[in-house]
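The values are calculated or read from the model by the stated rules, or taken from the named source; none is laboratory data. On a predicted model such as this, the values are computed, not experimentally measured, just so you know. A quick note on method: Cβ atoms are made from the backbone with ideal geometry, for glycine too, and the neighbour counts reach across all protein chains shown.
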Amino acid sequence: MKCPHCGQSLGERLCPSCGWAILKESVFCHRCGSRLEYLTPDSPSAEEESVDFSKRILCSDGTCIGVIDEKGICKVCGKPYIAEAE
């Protein structure tokens with residue numbers, strides 16, 4: 001697929017359900033609507049990454065939906081984690 005404005009190649013792949021050519025980064029096929037898996041070259045596959053959701057730490061900002069990373073910073077808003085006083 002090529003950009004209709006500049007002509008640059010956007011990259012494509014085939015939908016595993018219907019075989020239609022779609023953008024490489026697509027999450028859904030725009031022809032049949034099937035949900036597609038998208039992995040970047042540096043992202044681990046499903047077998048490599050097992051997420052334990054019970055051990056994640058949610059952002060201490062009451063309005064943010066982010067999760068705290070290994071450095072203690074929220075992945076969404078960038079604020080540092082502040083533990084609640086018990």
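Taken over segment 27-56, residues that are surrounded by 10 or more Cβ atoms within 10 Å (Cβ to Cβ), on the phi < 0 side of the Ramachandran plot, at pLDDT 80 or above and out of contact with any strand residue (DSSP E or B) (no Cβ under 8 Å at 6 or more places or on another chain) amount to 1. Taken over segment 64-75, the criterion of being β-branched (Val, Ile, Thr) and at pLDDT below 90 is satisfied by ILE65 alone.
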